[in-house]
1. I'd like the antiparallel share, as a percent to the nearest 5, of DSSP beta bridges with both residues in the stretch 386-503.
2. Summing Lys, Arg as +1 and Asp, Glu as -1, what charge do residues with Cβ under 15 Å from the Cβ of Glu431 carry, Glu431 excluded?
3. Which one of Tyr136, Asn184, Val174 is farthest out on the positive end of the charge dipole of the stretch 71-202, using unit charges on Cβ (Lys, Arg +1; Asp, Glu -1) and the Cα centre as origin?
4. If you count the DSSP beta bridges with both ends in the chain, what percent of them are antiparallel, to the nearest 5?
5. Computing the accessible area with a 1.4 Å probe over protein heavy atoms, can you report the carbon and sulfur percentage for the chain?
6. Could you give the length gained by full extension between Asp163 and Thr293, i.e. 0.36 nm per residue of separation minus their alpha carbon distance, to one decimal place?
7. What residues qualify as long-range amide H neighbours of Tyr281, i.e. H under 5 Å apart, gap of 5 or more or another chain, H built at 1.01 Å from N?
8. Rounded, prolate or oblate, given the Cα gyration tensor of the chain, with a/c below 1.5 counting as rounded?
Amino acid sequence: MQALKNLSIVLFFSSFSVLFAQKPQFSDLLQNIDSREKVSLNGLWDIIIDPLENGYYNHRLQPMDNGFFKNAKMQSPSDLIEYNFDTSDQIMVPGDWNSQMEKLYYFEGTVWYKKDFNYTPTAKELVYLYFEAVNYEAIVYLNGERIGTHTGGYTPFQFEVTDKLKKGNNFVVVKVDNKRKRENVPTVNQDWWNYGGITRSVHLISTPVTHISDYSIQLAKGSTTTIEGWVNVENAVNGERVEISIPELRKTIHSVIENGTAHFSIKAKPKLWEPNDPKLYEVSIKTTTDKLTDAIGFRTISTQGSKIVLNGKEVFLKGISIHEEAPFKTGRVTTKEECRILLQWAKELGCNYIRLAHYPHSETMVREAEKMGFMIWSEIPVYWTILFDNTDTYANAKNQLTEMISRDKNRAAILMWSVANETPESDARLEFLGNLAEEARKLDPTRLITAALDTQSEGENGKLIEDPLGKAVDVIGINHYCGWYVDEPENCSSLKWASAYDKPMVMSEVGGGALYGLHGEKNERWTEEYQAHLYKTNIEMMRNIDFLSGLSPWILMDFRSSRRPLKRIQEDFNRKGLISEQGMKKQAFYILRDYYLKENN
Ligand code: GCU
């Protein structure tokens, strides 16, 4: 009897699928590549720096079909024999080129990358060429044949290349272009360094011909006793079965594939994922030809008035904002160890929450944060003055949103998807962001939608939040630099806030700059004492905001930005970090830490 009780009822879902919400239209990204058999293409790649894109356009500015290499040996004279990878420079992948090569520090344009690799095809498998991220535009060629492009610097993309690989030597070439363009997302102005390159790992991923490509496995919205979702199986025939099991819960369920997807719902009472007990369950998914496992947490997230409610209990987000800047070596984060250093610093700060700004960070960062119990705000770089009336810009933003949610939809730690940062009010912006918020809800009805605003107005006795975008989001992020860009630190304690919305507010940015080791009076800008004083008065201010449900001050660590040239102080770094890029904690770090550790909010 007990065995029967423990085993969920084995249910075959076929006609039931109509009962489930239609599966969202995700991109075709392979889910959970950690669990896949893969060959890394990381390491030294040959590069050719091509500021005039001479390798792509002829002298009439017409694109050449396969770039300048019709074959790897550059035999025909028209192959621009000046472009020879065999004698070119080399650079590490993953990694940005700016911090790897002095002559590329400010470079914005095209760099050609090439990697030779051996491959031995095995029957009955498919092979995908998978890029975790390339900033910003990539055109990918395999063995001299153009196989596809991708736009957007912070989300993964893949190409199925089974029939394009040869036994023995193959070569992949990528044209990477990080030029900023007005119609891009982000647009031409941003307060972070425009690190270009193949900035995250590249893999050759093998799967069975009929394989599990994507899935969503989460608690049903508002429930703590129903786990539901869907599993996508490529090249499956209708009627084939999928088995989903959670051994620790002694639950196994079978579902039937219909049109490539198997829906399921399972009664269970999992231990809920919490910041101070980030429980993850091994979930295994099997078909007759494929099997993979993932580590998945289960939790509920909602709002009640101005409160954020995790697993039915009010939660206060004690956070910090983080850019994907590597500690010590600087440049883009490229390793799990660098992720863990940043997260360990956030732990020492007393955080239970992080804002991954201003773009999707690596899957490694998200998974490590989830294991450490951080609740996460994840966002796309719809930043400042992008072209809100441009349909291509919207399609780009929507694609980056889709790829972000597709990759991380099974990460319980992510509570919120943010669709924008500090965008100026206009009808076009309201429509653009309202549509993005709606799109995010279609893709993922379980999480909260937010945006960081800096449009607060002057109310009768303080700041008033009344941006119409507040209607479209669940949580209102507010960026406000009292004591830095506006006002003096001593005036911040008494600053009052009101909101037109009965929704949670998160102070998504607050703070000021300091050069580590620079000391002086608390009214001297750029001293650690000034920054510490500013944090004290802003904490006093936030204590008096009764609809505040969290904060993620700007920012954990100093980060490189071309907007920050001040000699002897900034030297190309935004100095609002609580920690210097060399890992030195400033006085303000301890002010915020004491607030987080001592406050029982
Ligand atoms: C803005 C913006 C950040 C920027 C910060 C600053 O609010 O969101 O990207 O770095 O302020 O000025 O330091």
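1. If I count the DSSP bridges inside the stretch 386-503, around 20 percent turn out antiparallel.
2. Around Glu431, the charge tally is -3.
3. Most positive-ward Cα: Val174.
4. The answer is about 70 percent antiparallel.
5. Roughly 51 percent, rounded to a whole number.
6. Gain in length upon complete extension: 44.0 nm.
7. Amide H to amide H, under 5 Å and 5 or more residues apart or across chains, Tyr281 pairs with Ile296, Gly297.
8. In terms of gyration-tensor shape, oblate.
The values are calculated or read from the model by the stated rules, or taken from the named source; none is laboratory data. Quick caveat, the model's predicted, so the values are computed rather than measured. Virtual Cβ from ideal backbone geometry, glycine too; neighbours counted across all protein chains shown. Note: accessible area is taken over every heavy atom of the protein model, side chains too, but ligands, DNA and RNA are not part of it. Shrake-Rupley method; radii C 1.70, N 1.55, O 1.52, S 1.80 Å.
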